[in-house]
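After the structure tokens below, expect a handful of questions from me.
The values are calculated or read from the model by the stated rules, or taken from the named source; none is laboratory data. Only a predicted model underlies this, so the values are computations on that prediction, with no experimental measurement involved. Cβ atoms come from the backbone with ideal geometry, glycine included; neighbour counts cover every protein chain shown. Heads up: the accessible areas ignore ligands, DNA and RNA and are worked out on the full protein's heavy atoms, side chains in. Shrake-Rupley method; radii C 1.70, N 1.55, O 1.52, S 1.80 Å.
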Amino acid sequence: MYVIAGLGNPTKEYEKTRHNAGFDAIDVLADKLGIGITERKHRALCGRGVFGGEKLLLLKPQTYMNASGESIGEAARFYQVPPERIIVLYDDISLEVGQLRIRTKGSAGGHNGIKSIIAHLGSQDFPRVKIGVGAKPDQMDLVAYVLGHFGKADRAVMEEAFRDAADAVTMMIADGADAAMNRYNGKR
């Protein structure tokens, strides 16, 4: 079984913000796989399905970004899923808008949602798909930036990035993380 979590903040006010890139990508993945994300369990909206003979649990934690690990950790413990079978999709300000970077493990890199997941899993050895949202302008507050919306041109680039992120996840499951890294890392 795989747990695949897209990070973001619940409620309408955060929809389609930079910080909700993980939610947007998981929605594209759910559509691609025909999985409805409608069940409320593990402090998340979730959906179940199968891909390539593997059971999947798609999660959109409803705990707010900084507490994402509470939801993901709970699901991992309940289904006894090891960290290496938990794939997390989330926004990254160190990557250009629409750029992807896939990693099999790593530090939080300053991302509070990832810090929470590491704390609740007791491991940083989980694969992730970082989705570039661009660097914040020098004069802008970080929180205001990540909770802001994309301009029209950037939003179009992000829609393609969400499709690529969904494809990268299915490739990670079917062919392994290395194949997905070779195909998607750095693509813009």
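Tell me, yes or no, whether the range 67-82 has at least one residue that is out of contact with any Pro (no Cβ under 8 Å at 6 or more places or on another chain), closer than 15 Å to residue 8 by Cβ and open to solvent by less than 20 Å² (accessible area, probe 1.4 Å). Give the steps one after another, and end with the answer.
We begin by selecting, within the range 67-82, every residue out of contact with any Pro (no Cβ under 8 Å at 6 or more places or on another chain); these are 69, 73-75, 77-82.
Filter once more, keeping what is closer than 15 Å to residue 8 by Cβ: 69.
Next cut, open to solvent by less than 20 Å² (accessible area, probe 1.4 Å) only: 69.
Within the range 67-82, one or more residues are out of contact with any Pro (no Cβ under 8 Å at 6 or more places or on another chain), closer than 15 Å to residue 8 by Cβ and open to solvent by less than 20 Å² (accessible area, probe 1.4 Å).
Output the helices (runs of 4 or more DSSP H) that fall wholly within the range 95-188 and possess 3 or more residues being free of Cβ contacts under 8 Å to residues at least 24 places away in the same chain, or say none.
Details: elements: 112-121, 142-146, 152-175, 177-184.
Correct list: 152-175, 177-184.
Between residues in the range 34-50 that are within 13 Å of residue 6 (Cα to Cα) and assigned to a loop (DSSP other than H, G, I, E, B) and residues that are open to solvent by less than 50 Å² (accessible area, probe 1.4 Å) and among the aliphatic types (A, V, I, L, M), which pairs lie under 8 Å by C-beta distance while being six or more apart or on different chains?
These pairs meet every condition: 37/26; 37/30; 37/45; 37/58.
Look through the range 1-33, keep the residues that are open to solvent by 50 Å² or more (accessible area, probe 1.4 Å) and not in a helix (DSSP H, G or I), and return whichever of them is nearest to residue 82 (Cα to Cα).
Here is the first cut: in the range 1-33, the ones open to solvent by 50 Å² or more (accessible area, probe 1.4 Å) are 1, 11-13, 15-16, 27, 31-32.
Those left that are additionally not in a helix (DSSP H, G or I): 1, 11, 15-16.
Details: 1: 9, 11: 30, 15: 30, 16: 30 Å.
Ranking the candidates gives 1 first.
Now for a different question. Being in contact with a Leu (Cβ under 9 Å, 6 or more places away or on another chain), outside any helix (DSSP H, G or I) and either surrounded by 22 or more Cβ atoms within 10 Å (Cβ to Cβ) or without any contact (Cβ under 8 Å) to a residue 24 or more places away in the chain (or both) is the filter here; which residues of the range 51-66 pass it? Break it down stepwise before answering.
Taking the range 51-66 first, the residues in contact with a Leu (Cβ under 9 Å, 6 or more places away or on another chain) are 51, 56, 58-62, 65.
Retained after the next criterion (residues that are outside any helix (DSSP H, G or I)): 51, 56, 58-62.
Passing the criteria: 56, 58, 59, 60, 61.
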